[in-house]
1. For a quick check: sort Asp45, Asp216, Asp34 by the number of other beta carbons within 10 angstrom, fewest at the front.
2. Putting +1 on Lys and Arg Cβ atoms and -1 on Asp and Glu Cβ atoms, find which of Asn426, Leu316, Val126 reaches farthest to the positive end of the dipole of the chain.
3. Along the Cα-to-Cβ line of Arg10, 7 Å from the Cα, sits a label point; which residues in segment 16-59 have backbone N less than 16 Å from it?
4. Indicate the helices, whole DSSP H runs only, in the chain that combine a mean Kyte-Doolittle hydropathy of 0.0 or more with a Cα extent along their long axis of 30 angstrom or more.
5. In terms of the Cα gyration tensor, with a ≥ b ≥ c the square roots of its eigenvalues, is segment 263-342 rounded because a/c is under 1.5, prolate because a/b exceeds b/c, or oblate?
6. Just to confirm the filter: which GluC sites (Glu not before Pro) across segment 26-117 are DSSP coil and have at most 15 other Cβ within 10 angstrom of their Cβ?
7. Just for segment 6-460, what percent of DSSP beta bridges are antiparallel, to the closest 5?
8. What is the order of Val49, Val318, Val398, fewest Cβ neighbours within 10 Å to most?
Amino acid sequence: MPRTFRIAERLANNRSGGILDIPHPAILDHSSLDGLISNFTSTYDAEPVGVVLPVASTDGLLFPVEGLDNQRSRYMREATFIQTVTQCGQRGLDVYLSVDPRLQFLSSDALHVEDIVGNGSQQICVNKELSQEVLSAILGTGFDLASDALATLQNSASVKGLVLDAVDLYGMGAKKNRIHLVCFCRDCSAYFESASPGLLRVFKTFPNPWSLLLRDSGSGIEHVDEVGSTARPTDVVGLARQRGYDEHFGDTSSAALSEHAEMLLKYMRLRHDQTAASLNAVFSQALEGVDAAVDRILICEGAPYLWTAGMFSDALDVDTRFTELWVDTANAIVPVKTQYRAYHWRRARYLIDAFFQLSTTLTSEVERATTKIAHRSRASVERQLRDRLAQALAAKAVGKTALSTMATHSAAEGGRVGFVGVGLTNDVGQKIIDSLNIAEGLSSNDDNVDSEHPLMGLLRQFSEENS
Ligand SMILES: [Zn+2]
């Protein structure tokens, strides 16, 4: 009989605290909760202790929210949401509720992000007070509905935590080496102007400080993210030189580049403070008047600087406003102060969200009416979706091996308290694509017509560079 080696002991130590993430309601259209749980259990050799359910979909709300229009998702209705929460409670599983704060289905221009040159995109800016009110109403209503459903069970099941998916709050685009970051809406601009007068003006020129760490690769944006919150200008200049990013600058003297680096760091730190405060405001409003202790959780990619989240991982780690971080620990940073769970998917939810977002965009009647998507053939749209699914699935961490090679489980204050596995498989993903109502295009010409659509640009960003 084979002996037991150390790696098996590691696995045994590491498999507690597992949570099953269901990032999008479409998954439950093609797989039962029981099926997802048994798949999780066979993948990790351990049952999950909790389940994450979404409170909104990419295409609309799952239940009515007072004060908001009734744009409803075609994937899940209030009754199914409550039924799923109840099933989790009956199995003794903790319930977590998550939302992707972009809410692309909201068609209010007043809430949308804008890039540095004033182009808007169909996703909301979390830094606007109004956006925070919308997000907290959705999350808070979901919390109330779920809590009421669990209260009828008379066991200890409860809503354990609220989860904000913070992987892609700020899209990036580039054209001819000009980097266009979001968000510079009126509220964001006012924030920067009052915190550091004149700073934004510097970013409206070219080359500007972003070019030290970001570069247009032609098909996306190459970036340097090895910058922590305490980095000095000389560190940034060193990284830029090492990557050859300093070539955009006419004056490449240390003094000139350091000046750019100083402004870049100022921008990054202000953006961090602004974003963390906004996310905290969403949690606070969603839980206003709630006595129970509810975890406030952020899903992040885990790199030292999170460009599309606008935050530093090390600064989040010491931010006591957030109870837990769910990060792709294979990516780099392991929190040491805040409790965390290892998110078992490279880049956390980034590529998963991109797949679901694309499937909504390509089948949306509004998108078809207002963009050139309607001209694309069904085959071309399907092909793009299957590519995006394959890209997302390629980033999945491999079950037990990934589990046993994680940092050892720690009971210390800032240790890893578990891990997160995602209920998205190739089988479910293919079924989701097959069930989409993709209209036959007006033309069989599959020229790259999506390139002019701003949302497609945002979705494409980054996706090539890691492939
Ligand atoms: Zn903004």
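1. Numbers: Asp45 13, Asp216 19, Asp34 10.
Going from sparsest to densest Cβ surroundings: Asp34, Asp45, Asp216.
2. Asn426
3. 16
4. On the way: long enough: 129-151 (32 Å, 0.71); 254-286 (47 Å, -0.09).
Long hydrophobic helices here: 129-151.
5. Details: a/c = 2.44, a/b = 1.30, b/c = 1.87.
Taking the square roots of the gyration eigenvalues as a ≥ b ≥ c, segment 263-342 is oblate.
6. Numbers: sites: Glu66, Glu78, Glu114; in loops: Glu66.
Sites meeting the loop and neighbour criteria: Glu66.
7. Working: 16 of 51 bridges.
Beta bridges within segment 6-460, antiparallel portion: roughly 30 percent.
8. Numbers: Val49 16, Val318 13, Val398 10.
Ranked by crowding around the Cβ, least crowded first: Val398, Val318, Val49.
Just so you know, all these numbers are worked out from the coordinates, no wet-lab data involved. Note that the coordinates shown come from a computational prediction; the quantities given were computed from them, not determined experimentally. Note: ideal-geometry Cβ built from the backbone for every residue, glycine included; neighbour counts use all protein chains shown.
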